[in-house]
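Peer 1: After the structure tokens below, expect a handful of questions from me.
Laboratory data are not the source of any read-out in this text; all were calculated from the coordinates shown. Please read all numbers here as calculations on a predicted model, not as lab measurements. Virtual Cβ from ideal backbone geometry, glycine too; neighbours counted across all protein chains shown.
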């Protein structure tokens, strides 16, 4: 199971409205691999594709292809605001960062980064 926090849901819904894509969803995907380990990305999409797992929470839909879903099992998707650091974070599962912890993060506009 992938845990999605209430704050992440609300912030994602705000972004979808700002982008003019209310009712669309987020896609979590495997973005590749590097010295950091696997990296994951987030896109805004209108509909799921054929093999997607669909997670719904408080009106937000998240689509994850089956292979990525297995890798993200046990992951927590959250939104943090700590000083100058603000954005979505993925912790647990196989999400990882160059910092050696199990965290991958992306800014409010979605996408992915390492470290």
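Peer 1: Multiply the residue gap between residue 43 and residue 21 by 0.36 nm, knock off their C-alpha separation, and tell me the result in nm, one decimal place.
Peer 2: Details: separation 22, 0.36 × 22 = 7.92 nm, distance 1.20 nm.
Working it through step by step, the gained length comes to 6.7 nm.
Peer 1: Let me ask something else. Hey, rough spin-label estimate for residue 66 and residue 51, points 7 angstrom out along Cα→Cβ, what's it come to in nanometres?
Peer 2: About 0.5 nm separates the two model spin labels.
Peer 1: Suppose we keep just the alpha-carbon trace of region 24-75; what are its Rg and Dmax in angstrom?
Peer 2: 11.3, 36
Peer 1: What distance in nm separates the two pseudo spin-label positions at residue 80 and residue 5, each 7 Å out from Cα along the beta-carbon direction?
Peer 2: Using points 7 Å along Cα→Cβ, the separation is 0.8 nm.
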